[in-house]
Amino acid sequence: MEDSTRVTPARPHHKLTDDGRRMREVLSYSRRGSRFTPRQAQAWAEHQERWVIPDEAVDRPGFTFADRFGRTAPMIVEIGSGIGEATAVLAAARPEYDVLAFEVWRPGVADTLWKLAEEGADNVRLCGVDAVWSIEHLLEPASLHEVWTFFPDPWHKTKHHKRRLVDADFARLITTRLVEGGTWRLATDWAEYAAQMIEVLDAEPGLVGGVVERWSERPVTRFERKGLDVGRTITDLAYRRV
């Protein structure tokens, strides 16, 4: 977005009620501990200035992701990059794309940094700001070529289902941000969440797709291995914007 006078609304965790109290929002994630291992601390010290977007940067007038990448290139968004196992490999194989990876867990971001360095993937930027808010307010319609959502938190307790990322509102938002023909790839090891995803995404008129064979390019991540170890079935989905 190029309008330097643009004022974005308050980010989640920053919103206040009329009487000044912190507003509680239903989010699809929880913020965990931030203590680093020695290796994570080294990776953070060496690479965060170049590859990590400071949270406060997105509030500055005129902020653009293109400025952070230092170029204008087709963009891919990953939501929940974890410790970067898939991010680094997939991004390194796509140097012509900018990969914007959203992850709120800082040790996971630090792990991702050394993986990016090992793979030579200089086309990734990591952002810890709420992904839904960022996609809505910082990315233009029809600006994303792909979206990756691998193993989002299933929030398996019924009372927590409202916190699941993939719902009708989010599906519509992603649809508006994908270019025509752009693809949203998802994977989960929770059958009930897979069924919900399919129901939601099939109901979105701007998308076509469904269950697909496992995406061979996607590395088997720690989260996927955990699911397989306890006998859960991995469901891969791919939907395309029409």
Please go through the range 49-75 and pick out each residue that is in contact (Cβ under 8 Å) with a residue 40 or more places away in the chain and at positive phi. G62
For the range 70-99, give me each residue that is crowded, with 24+ Cβ neighbours inside 10 Å, of a type outside the set (G, A, S) and within 21 Å of E46 (Cβ to Cβ). T87, V99
How many residues does the range 96-118 contain that are in a strand (DSSP E or B), among the hydrophobic types (A, V, I, L, M, F, W, C) and in contact with a Lys or Arg (Cβ under 9 Å, 6 or more places away or on another chain)? 3
If a residue must be in contact (Cβ under 8 Å) with a residue 24 or more places away in the chain and either part of a loop (DSSP other than H, G, I, E, B) or under 11 Å from F150 (Cβ atoms) (or both), how many such residues does the range 197-206 contain? 2
Quick check on this structure: which one of R172, R185 is touching a residue at least 40 places away in the same chain (Cβ under 8 Å) and surrounded by 14 or more Cβ atoms within 10 Å (Cβ to Cβ)? R185
Would you check which residues across the range 26-56 are surrounded by 13 or more Cβ atoms within 10 Å (Cβ to Cβ) and at pLDDT below 70 and list them? L27, S28, Y29
Number of the condition not met by G209 [criteria: (1) at negative phi; (2) more than 19 Å from the chain's Cα centre (by Cα); (3) not in a helix (DSSP H, G or I)]: (1)
With the condition kept exactly as written, say whether any residue in the range 225-235 is modelled with pLDDT of 95 or more, assigned to a strand (DSSP E or B) and surrounded by fewer than 19 Cβ atoms within 10 Å (Cβ to Cβ). no
Selection status of V220, closer than 27 Å to A93 by Cβ, out of contact with any Phe, Trp or Tyr (no Cβ under 9 Å at 6 or more places or on another chain), at pLDDT 95 or above and not acidic (D, E): no
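In the range 61-83, what residues are in a strand (DSSP E or B) and of a type in the set (V, I, T)?
Passing the criteria: I76, V77, I79.
The values are calculated or read from the model by the stated rules, or taken from the named source; none is laboratory data. Quick caveat: nothing in here was measured; it's all calculated off a predicted structure. All Cβ positions, glycine included, derive from the backbone under ideal geometry; neighbour counts span all protein chains shown.
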